[in-house]
């Protein structure tokens, strides 16, 4: 952290893991993970899908709640003023780009729902699901770090959750904004960690070792 | 913008100014603007207060609604898990660090209210005020760019507003996160502009020229 | 109004129609309008669907925005603790009981979306749509008066909208709670009106006369 | 419950008390409890304050979180279009009518905050406080039953909480809307109970017996 930030008292507190975790999976939809779509060729995101998949295997076995969202709209009339072409043109209810990537999709276990803004929390049913499960800790995965992950982490923090971001489970278009945003979040809102640490925490010691090997 | 971001279709749309603007002033409270407080010695923020003050003079004369918030809590029990020392220790109802800086304060004209999270929108009465005024365009000012401004811009966008950020009316602890966050927002959610352009837009041509001279 | 309520100053203000209206259609889904479903035999609701259909014809011709929602869940895990059997057992994504009644459905014109709580506003994308259209006035239709209509009217009021409830466009299981809830809302939050008056207001003078004949 | 409501499957499920309760105290502010104010002479509310006070004594001793709100505005500009005279004219920040009644006020223990709409949840920091305490059950007290209590219960239910309403801890201007609204809530959203039962549940057996004697 910069000297100025340190002097101002940022990053001066460690968030402890709580008593009931949930995994949030933000926008691992084909638009970002399948090269058939205009934004779908993102190597950092592709790697994050694979790492998240390992984390989810352990979480589901351990009975940890998982909430997985995609972004879609009814028409341009209900859409915020996105400056991103593919969102404006393709992110509509039922479009194939809104399907969750099969590597992380589990229709039986997960709460899968539609969101309409960057944050997985913004005007979605997510808190009802989390409150019913008495969740106090959220592990945020998905894409992209400098967009919907940043927005989701701010909201998770604002709602009072203990927020953990495994940096290998979130991906971006480029390396630099990925790291810039992890830095901004680490100073204020969240602990930056990795898939292996989260897997060990959820009880999957061997799986944690495998995840650590990448 | 990076080649990768451009190729993915980011920043491919310009947001037009709408029919009814409002100015949002985020956290220009003494905690960030008065050197008596631990985070109060931030030159970029100090400059932003001065530029915002010029913009507000014109806005108030033109009858443009202004909403100005500060961050404060009842006790640690209702506070998100801030990693920032001064917030944890001093941001309580009635503490002097929660007073709005007199350079931007106008108790007669502005809607002044308390918020409890990074975003000026998060669980606050702001949208009721904006809806009553049929606002479709918000000009976001305040501090700090990589914290509460970023959060407020995401929410303003998510609510469907046309979002403008005058870069000289927002400030940060350091230059780099200031620019990193303006870059991230410009790609997706908002138009980055300056005080002079916003003043001209609100009808204060001479004041715009003065603001442009800094 | 009772003497006690009058003495306490309730109902002492008339809400004026504003500059931009929208119609909200709450839960006119087959669960409540088709006798094939356990709650689908409700004569007051059936009549309200017919009256709302006339209002919507005029609204759509006049270019008035229409937002129409249904209630559905991913699984019991994301559902509030409903004490209503059919909701607990059938209101799931894709279930036929969640389809909008064809008498009021217009996929081309309307914003059609899913909600997960009594209110059409609660954690849904509705305000983004209304803000983009600079709506200041909402006409609330749908079912049932003492459930999702009451909840939606409270939220519309809370968001700062001018709220109008045409009493023949909302229906209930029984007459008494229908009237009890109209009474409670009229004292505090909304103007109680009818389809004919709303149609005349939206410019359909002849259609208003037809609606008045029922 | 009416035959029609029973046949439609309403009220067909009992909500169980959960693992962590909180007490919500809605608008027991002097405006409704002190005869110095135009709405302050409400015998049903006065009795509810006394019963709630007994419940709160036990709750605080047992370490149960308590959240207590009042309604106030910065100016008419941020106020929904209330049809209630005293709200429009007196409910402003700092006005004496916004002080919590001393019989239920405990600045040390309770989370005391301002709200701006009927519901204690609507755009307030309440959920952050409840999430941090892992609350799954809320006991709703306050006034008035057919106004802010009804709104608060709908929202508590919508957020996924187990909702209990002790009928002697909520009061109204008149008996009839009090009972009408308890009936509507009991069918859908909440268990109607009394102070004595809630006190016994929170562990205060002797205090429960005293509350039962009124």
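Some notes on this structure:
- Counted over all Cα-Cα pairs of the protein assembly as shown, pairs farther apart than 51 Å make up 11 percent.
- Fewest-first ordering of D:150, B:201 by other beta carbons within 10 Å of each residue's beta carbon gives B:201, D:150.
- Semi-axis lengths (Å, descending) of the ellipsoid that matches the C-alpha gyration tensor of region B:128-214: 20, 19, 10
- Whole-number D in µm² s⁻¹ for region C:18-212, Kirkwood Cα-pair radius fed into Stokes-Einstein, 25 °C, 0.890 mPa s: 149 µm²/s
- Distances, shortest first, from the label point of residue C:2 to those at the same position in the other copies read 2.0, 6.2, 6.6 nm; the point lies 7 Å along Cα to C-beta.
- Antiparallel %, DSSP beta bridges [both residues in the protein assembly as shown], to 5: 5 percent
- Approximating the spin labels as points 7 Å out from Cα along Cα→Cβ, the residue D:206-to-residue B:179 distance works out to 7.1 nm.
- With contacts taken as Cα pairs under 8 Å at a separation of at least 6 residues, chain B carries a relative contact order of 27 percent.
- For region A:81-127, taking the reciprocal of the average inverse distance between every pair of different Cα atoms yields a Kirkwood hydrodynamic radius of 12.4 Å.
- Here the peptides A:170-179, C:110-119 are ranked by packing, the mean other Cβ count within 10 Å, and the order with the highest first is C:110-119, A:170-179.
- Estimated [θ] at 222 nm from DSSP helical runs (n ≥ 4, -39500 (n - 2.57)) normalised by residues in the protein assembly as shown, nearest 500: -10500 deg cm²/dmol
- Region B:126-157 and region B:166-197 have Cα centres lying 14 Å from one another.
- A straight line joining the Cα centroids of region A:20-83 and region C:54-85 runs 27 Å.
- Of all DSSP beta bridges confined to region D:18-212, the antiparallel ones make up roughly 5%.
- For the rotational copies D and B, the chain D residue with its Cβ nearest the relating axis, together with that separation in Å, is D:123, 3.
- Taking the convex hull of Cα positions in region A:1-122, its mean projected area over all directions (nm²): 10.2 nm²
- Placing a label point 7 Å from the Cα of residue C:2 along the Cα-to-Cβ direction, the residues of region D:177-193 whose backbone N falls under 17 Å of that point are D:177-185.
- Expressed in Å, the radius of gyration and Dmax of the Cα atoms of region B:62-142 are 13.7, 41.
A short reminder: the numbers here are calculations on the coordinates, not readings from a lab. Note that the structure is predicted; figures quoted are calculated from it, not measured. Note that each Cβ is placed from the backbone with ideal geometry, even for glycine, and that neighbours are counted across all protein chains shown.
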